[in-house]
There are 4 protein chains.
Amino acid sequence: MIVITESQMTAQSRSEMMGLIEEYGFKAKQSPDLGQDVTALYGKGNKAVAERLRSLPDVKRVTAGKPYTLADREYQRRNTVIRIGGLTIGSDSLAVIAGPGRVRSYEHLSAIASWMKRCGAQILRGEFVVGAEEGMDIDGLRMMKEVAQQYGLTTLTTVPGPRQVEQCAAYADILAVGVRNMQNRDLHNELGDLSHAVLLRRGLSATYADMLNAADYILQRGNPNVILLERGIRTYEPYTDSTLDIAAVPALQTLSHLPVFVDATHSAARGEMVVPLARAAVAAGASGVFLGFDLGDPDSSRLALAPEPFAELMRDFSTLAPVAGGQFLHGGDAEERTTIETK
Amino acid sequence: MIVITESQMTAQSRSEMMGLIEEYGFKAKQSPDLGQDVTALYGKGNKAVAERLRSLPDVKRVTAGKPYTLADREYQRRNTVIRIGGLTIGSDSLAVIAGPGRVRSYEHLSAIASWMKRCGAQILRGEFVVGAEEGMDIDGLRMMKEVAQQYGLTTLTTVPGPRQVEQCAAYADILAVGVRNMQNRDLHNELGDLSHAVLLRRGLSATYADMLNAADYILQRGNPNVILLERGIRTYEPYTDSTLDIAAVPALQTLSHLPVFVDATHSAARGEMVVPLARAAVAAGASGVFLGFDLGDPDSSRLALAPEPFAELMRDFSTLAPVAGGQFLHGGDAEERTTIETK
Amino acid sequence: MIVITESQMTAQSRSEMMGLIEEYGFKAKQSPDLGQDVTALYGKGNKAVAERLRSLPDVKRVTAGKPYTLADREYQRRNTVIRIGGLTIGSDSLAVIAGPGRVRSYEHLSAIASWMKRCGAQILRGEFVVGAEEGMDIDGLRMMKEVAQQYGLTTLTTVPGPRQVEQCAAYADILAVGVRNMQNRDLHNELGDLSHAVLLRRGLSATYADMLNAADYILQRGNPNVILLERGIRTYEPYTDSTLDIAAVPALQTLSHLPVFVDATHSAARGEMVVPLARAAVAAGASGVFLGFDLGDPDSSRLALAPEPFAELMRDFSTLAPVAGGQFLHGGDAEERTTIETK
Amino acid sequence: MIVITESQMTAQSRSEMMGLIEEYGFKAKQSPDLGQDVTALYGKGNKAVAERLRSLPDVKRVTAGKPYTLADREYQRRNTVIRIGGLTIGSDSLAVIAGPGRVRSYEHLSAIASWMKRCGAQILRGEFVVGAEEGMDIDGLRMMKEVAQQYGLTTLTTVPGPRQVEQCAAYADILAVGVRNMQNRDLHNELGDLSHAVLLRRGLSATYADMLNAADYILQRGNPNVILLERGIRTYEPYTDSTLDIAAVPALQTLSHLPVFVDATHSAARGEMVVPLARAAVAAGASGVFLGFDLGDPDSSRLALAPEPFAELMRDFSTLAPVAGGQFLHGGDAEERTTIETK
């Protein structure tokens, strides 16, 4: 439920409103937008409060019915911008997450990170795996962090479940939620209590509303740094495992203030589809792209881009991003510029 | 079924092969690719021919099982390129179809055509309607043709059904097949007997294979000028009427040699989604884009672009197309270039 | 649009209402329900009429927004009951359509018809095919009619397209519309001008509203004898070609007054699924079931039931139908009863 | 991976086989079917073992490629039968789970349990909720257990997450997995370590293979008592929240040996659809049905059946179940029989 009030609401009216909201069992949060005339209600409460609120002085409108409020663009008009070290997400700068599905050694990861840096990609992904696929190797995470620090990269890993949040949070800047965990409330609670950025992957049959509802649980616990990730949905088409819903980019940007990323690798059925999908994502205005990237040797996963195509794609991004109102600084360009600037 | 033969196949072996194919009730067509070592079988026949063919001398491989052969990239490796007057489709030049859903007057259509020309869009769409929505107004079609000739544009209209093919063919260069008619065999037959370009819209629940099967029926009748149009498929997401399957662009380009277009208007749920989807289509490598375009006055349809945003989008196309290996000559640039060249 | 009027509406008010409806370009039809206080508007007209109608005396309510009116349960509360010779469809008696996909000879069809009669199935299906799969063999249709007359069965065939309606109508009592033709307006028009029963198959991605919209086109031309057929929809599940939407039975019965049938054969992925799906259809309250049925020899199609399982299923129907408020007279029982009664 | 061996396999061959399996990192389990000639491999291992196994003496066949083995009908031909006190699940006796979404008091639950007992329903469902909807009230669970014991009913509750398994297991005989948790590996592990029956709900976009894969994780931990629940999938149809996939019943029975239940309440869009869907489930051969059931007063949930319709439906079940080869003893009948037998 969202309450729109007069910008000149009296302190008494506001106090009365807050009292009512509490009395009916809801929590309330004021929009960070200038003017502060929007209040979101969340948590469990008695919906009959809507009628009571409508009759208050200085209340202009009460809207109800959506399964999310804090993630709603109506509640917060300005874009959520997330800052991690020198990296800015959700503003005009395009973010690129890349890395292998499985790390083989420190040297392997260093080679990858070095190439990423050179090309302008900012976020190193590590999905480290021990024995069973469900576990996370702490040594692997430590290695990711070391390599990332060496090259000035931000880190991301997928949290297997609520019990691994603490470990992952010690080494990764961005904590990703897996497709099957999109609606895992325990995980939302754990992540909501942190201040790490959270990358929330869309479930295979989640609607936009489902996704924003899941984001809301994290926001309600106090963590505002949520990123939405479109990665393909289940459809009848048998050629692909899932169908990339590119319209999710403008749709979620209309419905919400949270940054929207696209996974161009896991939504691709074959290697040759990754590059076109990644280009489409940037042209459609995504704030970030997730890409499988490896050395291109026989041990690399089937869909991972090899170094040369990866570098070319990053160069494409620096042309495409401005069309959608953003920008991407290809490493090569950055180097050149640095050289020039340091003269 | 597709038969791959030795490039040095003897005349006797070929004659034996063709005899078998005919005996088992199939028709055959040789690939236009250089080397001519690929033969497609189509029509109704006895599939047992596969075994017989495999035992022939100079036959290297027989592949069966797909519901299309003439549309198959395995049959024809090189891209199908369609030429209509000065316009080339399916080569590196991006094609733009635009126009209103309903023509109001000669002046109205002239204003639209003039703006399109200025912006570099080449194909004027006319969906003229008399009385009932199903009918076609011959006067309207005639007007579309006149206006198009005046501005040097190509014309396109959607054929309501098999009975209207002849009328439409007299005025339109490109005949579009409606979503609901994608699998209308009568219509395939009529269109297959012409040499007009045919724009085949994907049905709301058609797979890539269904779509190429429909294209095959037209190709089998002898018309090679088929264009495939992705325009959104039915999914569970309620926010949009259909979900644009952007992966259809690289997928269909891999599976087939036919040009692939994208309808960025009918796959959009709201006006603000048209531009991002159109940009994504070009970045993904589509050979053409379909756009609703009108004067932006109150009579314009909800999803049609107005002149200014349309012009900006065309300018975007000239930046985006080269990234995907194509090109688009924005009218303004063309004018400037003409000016310079004619000095 | 549907207008609910006072049952004591004056002649003058009614005349004024009909005038307005005509003036705004709509056609009107009064509900056949007793009381006659419901009028449906259809055809193309100016929707602004709604406001005008609401202000008329004796008009209680005007509802708008659904893409169908004559098929709407709100327009006609009582069930549509279709009578073909001695057969009654849409009342409490369960109808069974059965037969082979391809007729091999008069003897073949006679054996099938004889067994059907013995088991209580009433409608013989014939999908005769010449040369190409799209054609219809007039000799085959004639044979179906002869055999059916001999055994006292009703006949059904699928009409390939608008051009074959007349031929099919000469030999078949029920004309079926194929899945791909569900939204073929030309076909709706042809069938709407007849009085034959029409079996409208649901398109693979048609919603209930789409289906009732298609039915409306036939009803608007004056043919009230439309039957709706659920036969599976496109979903993401790869094990089956389509997913039988069993909820369509109660849903369509709530939304519309037209009889609802289920195709238990074409919605089945494997032979062993036909019987469970057919039982489910009857238990859910379907007014009729469509079944592939053949002699069980090697020439029979994969999904067609063989005589013994068919007979057992018909016996099941006589137990299941009463649970859903219907009845089905198994041939054996009928014979026994006849014997007893004639004593 | 499944290995079919000769029934007269020598001890030496078997020992060699088991050694190989261990060497390649897999675990193995022999089928409980008589003859013991089928061995399932599971866990993480090197798939290259397949080739090695194929070359062993006494190995007839090695099948690979499915994402499940212990749940596979190929591994275990006979149906899994689960016994809980006097209740038998997965044999010919139909099981009925019923109860309210929210318990109001001991009296409320007693009235429900008493009516269920009278009608023959055997399993009392309790979804107790404290404060937040995610929590479970231990007092509520205790109440469910007491009431169930009083009336001789079995108990079922949905486990919110891995952390609540122990508490739930103390009071409920059957532990249900929620739709959003179908692929929660932590939860699989916890449930796999118990011997309680587990009701595994199908995820909204889970394929049959996904579902059996999830079941396999529980079976691998040693708990054989898994029940599969079909409850509707996400499709494009907007009238219903989800589409009941009735074909899942015969399909899962073909693919697996585990009992298949159907939730007729949560897959229904409106109250009037529950009864037809429940009847269809039983006629299709489901081993059990899940039904919302409450007292029919204003506090009851929208889709819950009221006592009279519930009793009628149970009477229907006693007619329908035998058609699908099962049986259901309506309470009234049972009482009568008891009376007669005790004479």
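The values are calculated or read from the model by the stated rules, or taken from the named source; none is laboratory data. These numbers come from a predicted model, not from an experiment. Quick reminder, even Gly has a Cβ in these numbers, built from the backbone with ideal geometry, and neighbours come from all protein chains shown. Note: accessible area is taken over every heavy atom of the protein model, side chains too, but ligands, DNA and RNA are not part of it. Shrake-Rupley method; radii C 1.70, N 1.55, O 1.52, S 1.80 Å.
Taking only protein heavy atoms and a 1.4 Å probe, what accessible area per residue, in Å², does the protein assembly as shown have with all protein chains in place? List each step's numbers first, then the result.
Numbers: 53510 Å² over 1372 residues.
Spelled out: the 1.4 Å probe surface of the protein assembly as shown, per residue, equals 39 Å².
Determine the dipole magnitude for the protein assembly as shown: charges of +1 sit on the beta-carbon of Lys and Arg, -1 on that of Asp and Glu, nothing else is charged, the reference point is the Cα centre, and the result goes in debye to the nearest 20.
Numbers: 140 positive and 164 negative charges, 1 e Å.
Computed about the Cα centre, the dipole is about 0 debye.
Quick one: with label points 7 Å out along Cα→Cβ, list the inter-copy distances for D:Gly85 in nm, shortest first?
5.8, 6.0, 8.3
Under 12 Å from the Cα of D:Lys60, which aspartates and glutamates turn up, not counting those fewer than eight places away in the same chain?
Straight-line reach from D:Lys60, under 12 Å: D:Glu6, D:Asp37.
Can you pull the three principal axis extents for the Cα set of region C:111-219, in Å, largest first?
So the three principal-axis extents are 39, 31, 25 Å.
Mind listing the label-point distances from D:Ile138 to the same position on all other copies, shortest first, one decimal in nm, points 7 Å along Cα→Cβ?
In ascending order, 3.1, 8.5, 8.6 nm.
Quick check on packing: order D:17-27, D:281-291, B:94-104 by the mean number of other C-beta atoms within 10 Å, highest mean leading.
Ranking the peptides D:17-27, D:281-291, B:94-104 by packing returns D:281-291, B:94-104, D:17-27.
Within the P(r) computed for region B:211-250, what percentage of the Cα pairs occupies the region above 14 Å?
Roughly 57 percent, once rounded to a whole number.
Using Cα-Cα distances under 8 Å and only pairs 6 or more residues apart, what relative contact order does region B:203-343 have, in percent?
16 percent
Rounded to whole Å and sorted largest first, what semi-axes of the equivalent ellipsoid does the C-alpha gyration tensor of region C:281-331 yield via the square root of 5 times each eigenvalue?
One finds semi-axes of 24, 11, 7 Å for region C:281-331.
Using a 7 Å offset from Cα along the direction of the beta-carbon, what are the separations from A:Ser13 to the same position in each other copy, nm, ascending?
For A:Ser13, the inter-copy label distances come out at 4.5, 8.8, 9.0 nm.
Could you order peptides B:75-84, A:45-54, C:139-148 by the average number of other Cβ atoms within 10 Å of their residues, highest first?
C:139-148, B:75-84, A:45-54
Considering the convex hull of the alpha carbon atoms of region D:1-159, report its projected area averaged over all viewing directions, in nm², one decimal.
Dividing the Cα hull surface by four gives the mean projection, 12.8 nm².
Please report which chain A residue places its beta carbon nearest the axis carrying chain A onto chain D, with the distance rounded to a whole angstrom.
A:Ser205, 2
Quick one: dipole size for chain D, taken about the Cα centre, charges +1 on Lys/Arg Cβ and -1 on Asp/Glu Cβ, in debye to the nearest 20. Show your work: numbers first, answer last.
Numbers: 35 positive and 41 negative charges, 157 e Å.
With only Lys, Arg, Asp and Glu charged at Cβ, the dipole is about 760 debye.
Using a 1.4 Å probe and counting only protein heavy atoms, arrange A:Thr265, B:Thr10 so the residue with the most accessible area comes first.
Of A:Thr265, B:Thr10, the descending order of accessible area is B:Thr10, A:Thr265.
When the Debye formula is applied to the Cα atoms of region B:212-326, each taken as the same point scatterer, what base-10 log of I(q)/I(0) results at q = 0.18, 0.19, 0.20 Å⁻¹?
The Cα Debye sum returns log10 ratios of -0.95, -1.03, -1.09.
For Cα pairs less than 8 Å apart in space and 6+ apart in sequence, what is the mean separation divided by the residue count of region C:2-63, i.e. the relative contact order in percent?
47 percent
What whole number of Å gives the distance from the Cα centroid of region C:252-301 to the Cα centroid of region C:165-234?
Taking the Cα centre of region C:252-301 as reference, the centre of region C:165-234 is 18 Å away.
When you look at the Cβ of every residue in B:271-277, what mean number of other chain Cβ atoms sits within 10 Å?
The shielding value for this peptide is 5.
Mind checking A:204-211 for the average number of partner chain beta-carbons within 10 Å of each residue's beta-carbon?
5
For a quick size check, give me the Cα extents of chain D along its three principal axes, largest first, whole Å.
The Cα atoms of chain D stretch 68, 51, 41 Å along the principal axes, largest first.
Between C:Arg104 and C:Gln150, how high is the FRET efficiency from 1/(1 + (r/R0)^6) when r is the Cβ-Cβ distance and R₀ = 22 Å? Nearest 0.05. Numbers along the way, then the final one.
Numbers: r = 17 Å, r/R0 = 0.79.
The value I calculate is 0.80.
Quick check on chain A: helices-only [θ] at 222 nm, where DSSP H runs of length 4 and up contribute -39,500 (n - 2.57) each and the sum goes over total residues. Nearest 500, please.
-11000 deg cm²/dmol
What do you get for Rg/Rh over the protein assembly as shown if you use C-alpha atoms and the Kirkwood form of Rh? List each step's numbers first, then the result.
Details: Rg = 33.2 Å, Rh = 34.6 Å.
Radius of gyration over Kirkwood radius for the protein assembly as shown works out to 0.96.
Of the listed pairs D:Lys27/D:Lys66; B:Lys117/B:Lys145; B:Lys47/D:Lys47, which have alpha-carbon separations greater than 24 Å here?
B:Lys47/D:Lys47
Give me D for region D:2-63 in µm² s⁻¹, whole number, from Stokes-Einstein with Rh from the Kirkwood sum over alpha-carbon pairs, 20 °C and 1.002 mPa s.
The Stokes-Einstein estimate is 187 µm²/s.
Average partner chain C-beta neighbours within 10 Å, per residue of C:153-161?
Averaged over the peptide's residues, the number is 1.
Keeping all protein chains in position, work out how much accessible area D:Glu16 exposes to a 1.4 Å probe, and write it in Å² to the nearest 10.
Accessible surface of D:Glu16 is approximately 90 Å².
Relative contact order for chain A: what is it in percent, counting Cα pairs under 8 Å that are at least 6 residues apart?
Computed over chain A, the figure is 16 percent.
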